[in-house]
Amino acid sequence: MIAKRWVRGLVGGVIAVGALAGCEVPPPPEAAPGPTAPVRAPSASRPARPPQPERPSQPEAQPCPEGGVRLREAGGDAAMGLRLASLALVNCGTEPYVLDGYPELRVLDRQGAPVEVSAATGTNGVTTSVTGVEAAPRKMTLRPGAEATFSMVWRNTVTDVTVPAVEGWEIEVVPRPGAPRVRLRLTQPVDLGNTGRLGYGPWIERETR
């Protein structure tokens, strides 16, 4: 009897141990390592491109007028209401340009309409001072690129408050008889006040270096 009880106890113990062991959940197996992407060698960083300075736009070349010459301002002076200004005529064509004597000119307002002014050669009674408008006219030939000037003199004086002051903002010139008219928009006006008088000189060849 004792042997049977010992055997039964042994078997029960084995069964109990097996039951206890079956209650434990085994840990999951480790995941197999997947394929790894190849590691790229770090590429050398490119230096940053310095900002490129903007190129200034080149002004378009001014076309030469039909007559082969153009006007430009060539300086001036103002003292005690007496004004003196010079304009230059530039031979921008390809042929020699002949001048002889005085230009023919008109003074125009902002809208391009002629202003009321008596324009005549010499000082025209504007002043008794020597201003350059008294020079003797002579014939000259301007080669391409050369230029000649003429001077204008006037007074910025208001002698009658009831008469509006006059300003000219454009000069229209006929360089020689029969030539096309040439216009120039001024940066400073011909401020005549209400004197209504302007004198101008002959063409003078301008020395160029």
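The values are calculated or read from the model by the stated rules, or taken from the named source; none is laboratory data. Nothing here was measured: the structure is a model prediction, and the numbers come from that model. In this analysis, Cβ positions are derived from the backbone assuming ideal geometry, glycine residues included, and neighbour counts consider all displayed protein chains. We work out accessible area using only protein heavy atoms, side chains counted, and drop any ligands, DNA or RNA first. Shrake-Rupley method; radii C 1.70, N 1.55, O 1.52, S 1.80 Å.
Taking the accessible area of segment 127-182, probe 1.4 Å, and keeping the other protein chains in place, the carbon and sulfur fraction comes to 54%. Convex hull of alpha carbon positions in segment 79-166: directionally averaged projected area 7.5 nm². 3J(HN,Hα) along segment 161-172, derived from phi through the Karplus expression 6.51 cos²θ - 1.76 cosθ + 1.60 where θ = phi - 60°, amounts to 5, 8, 9, x, 6, 10, 10, x, 10, 9, 10, 10 Hz, with x in place of Gly and Pro. Computed with a 1.4 Å probe over protein heavy atoms only, the accessible area of R185 comes to about 110 Å².
Relative to the globular-protein estimate of 2.2 N^0.38 Å, the Cα radius of gyration of segment 143-209 stands at 1.39. Sorted largest first by accessible area at a 1.4 angstrom probe radius, with every protein chain in place, the residues T159, T149 fall in the order T159, T149. Given R0 = 30 Å, the distance between the Cβ atoms of E104 and T159 translates into a calculated FRET efficiency of 0.65.
Under the simplified labelling scheme, the V174-M80 pair shows an inter-label distance of 3.7 nm, with each label point 7 Å from Cα along Cα→Cβ.
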